[in-house]
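Here is the structure we will look at.
The values are calculated or read from the model by the stated rules, or taken from the named source; none is laboratory data. Values in this document were obtained by computation on a predicted structure and should not be read as measured data. Positions of Cβ are generated from backbone atoms using ideal geometry, with glycine treated the same way; all protein chains shown enter the neighbour counts.
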Amino acid sequence: MLRQQHLANGPQEFELKIEKKRLASFLGMTPENLSRAFKGLQPYGVEVNGNLIRISDQEDLVKFAKPFSLIDDYSI
């Protein structure tokens, strides 16, 4: 999500460019588990409404996700 937010030039709200069912398949999970995972991110400032993602507390989400430069290079 942080990468997608970065690719959308950093707004608090952005739209997923892939349907959630396909994203779940790509991540090797069921759509229901993806939904639960999104719900689990609510305490870190993430709200999901359809394909619209809102990150209201980016700093808290970054602390939780702990991006690592060798894996999470935003220039890719």
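Could you check, for the range 65-75, whether at least one of its residues is among the aliphatic types (A, V, I, L, M), at pLDDT 90 or above and out of contact with any Leu (no Cβ under 7 Å at 6 or more places or on another chain)? No, the range 65-75 has no match at all.
Need pairs with beta-carbon distance below 9 Å; first residue among the polar types (S, T, N, Q) and within the range 19-33, second outside any helix (DSSP H, G or I); sequence gap 6+ or separate chains. Final answer for the pair search is Asn33/Leu27.
Filtering the range 1-22 to residues that are in a helix (DSSP H, G or I) and modelled with pLDDT under 75 leaves Leu2, Arg3, Gln4, Gln5, His6, Leu7.
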